[in-house]
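The values are calculated or read from the model by the stated rules, or taken from the named source; none is laboratory data. Just so you know, these numbers come straight off a predicted model, no measurement behind them. Cβ coordinates were reconstructed from backbone atoms using ideal geometry, including for glycine residues, and neighbour counts include every protein chain displayed. Just so you know, the surface numbers come from the protein's heavy atoms only, side chains and all, with ligands and any DNA or RNA stripped out. Shrake-Rupley method; radii C 1.70, N 1.55, O 1.52, S 1.80 Å.
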Amino acid sequence: MFTAAKKMLRGFAHAALSEAVDVSELNGVRALHLGSATVQSAMRIREPFELELTYTRAIMCFLLFHSNVKHMLTIGLGGGSVAKYVYAHCPEIMGTVVEINPRIIQVAKNQFFVPDNDEKFEVIEGDGLVYLAEHTEVADVLFIDAFDSNGIPPNFCSQDFFDQCANTLKDDGVFVINLWGSDKKFDVYLARIEQSFNQRVLILRTGKPGNIAVFGFKQSIADLRLSSLRDRAKVLEKTHKIEFMQFVEKLADNNNSSNNRIFMKSDR
């Protein structure tokens, strides 16, 4: 007999599997849509392994905070923008992606150049909620990008879910989730993330209202001095076509900061 939680999971899985998966092209950019006109993923066809959308480049700011990432776990494939980028440009990182909808996996591989599984990259067809529950302390970085046609599914923004995300990370792990700034429940979700990560949270706005990357840290970041972050950004920009320096300044603007460093609520 199913518990209420299992029934909820089953309902979410059914909805995810029945959602329409559509592709459009405009001015050399191919886009993925899930049951609506909203762009879920975008890829410039001539540069399939680069990051077209600003929010996807902001997600990569986990590299500012964790210099020794070996395993990145992603829940939700979409067009695979970040997963492809990490595969092509971060050879030291093993990538695992869990996606419940086989149609999305098929479209991502056939039309968005998502690579086949190999020794450093794997797409798993499965329920991300179940996968997280069955894997603890396995990831250096956990990226959640589980939007559907109605926004972020309820099961991916509960307190229990964010608690589980923290449990899936290694001791020095970084959690990052893509949220929508105009969502009326954004402050609720942010408060839950802060609770799960003991107030060790930073936000990075990528537009108005636009996407907001929220970072949660399993343990305190040793050095959030702006001089150190800028130095790290300069190094990263030598090998990545990502505006890390601009993102450091936005992090300072979007969070409590002084002229010298960024503060999290846990620093108080």
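Quick rundown of the values:
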{"item": "Search result, residues across segment 244-268 that are over 18 Å from Ile193 (Cα atoms) and either hydroxyl-bearing (Ser, Thr, Tyr) or open to solvent by less than 40 Å² (accessible area, probe 1.4 Å) (or both)", "result": "Phe244, Phe247, Val248, Ala252, Ser257, Ser258, Ile262"}
{"item": "Residue in segment 202-223 that is surrounded by 17 or more Cβ atoms within 10 Å (Cβ to Cβ), outside any helix (DSSP H, G or I), more than 14 Å from the chain's Cα centre (by Cα) and not small (Gly, Ala, Ser) present", "result": "yes"}
{"item": "Pair list, Cβ under 6 Å, 6 or more apart: segment 154-167 residue in a helix (DSSP H, G or I), other residue not hydrophobic (A, V, I, L, M, F, W, C)", "result": "Gln159/Arg192; Phe162/Arg192; Phe162/Ser196; Asp163/Ser196; Ala166/Ser196; Asn167/Thr136"}
{"item": "Given (1) more than 16 Å from the chain's Cα centre (by Cα); (2) farther than 22 Å from Leu34 by Cα; (3) open to solvent by 10 Å² or more (accessible area, probe 1.4 Å), number of the condition Phe121 does not satisfy", "result": "(3)"}
{"item": "Segment 87-115, residues that are crowded, with 23+ Cβ neighbours inside 10 Å and without any contact (Cβ under 8 Å) to a residue 24 or more places away in the chain", "result": "none"}
{"item": "Failed criterion for Asp231 (all others in (1) over 23 Å from Glu249 (Cα atoms); (2) open to solvent by 20 Å² or more (accessible area, probe 1.4 Å); (3) assigned to a helix (DSSP H, G or I) hold)", "result": "(1)"}
{"item": "Verdict on Ala133 being more than 17 Å from the chain's Cα centre (by Cα) and aliphatic (A, V, I, L, M)", "result": "yes"}
{"item": "Test: Asp127 is open to solvent by 20 Å² or more (accessible area, probe 1.4 Å) and free of Cβ contacts under 8 Å to residues at least 24 places away in the same chain", "result": "no"}
{"item": "Identity of the residue in segment 171-201, within 14 Å of Cys157 (Cα to Cα) and of a type in the set (Lys, Arg), that ends up surrounded by the fewest Cβ atoms within 10 Å (Cβ to Cβ)", "result": "Lys184"}
{"item": "Cross-chain or 6+ apart pairs with Cβ under 7 Å, segment 215-227 first and under 26 Å from Tyr55 (Cβ atoms), then open to solvent by 10 Å² or more (accessible area, probe 1.4 Å) and hydroxyl-bearing (Ser, Thr, Tyr)", "result": "Gly216/Ser196; Ser220/Ser266"}
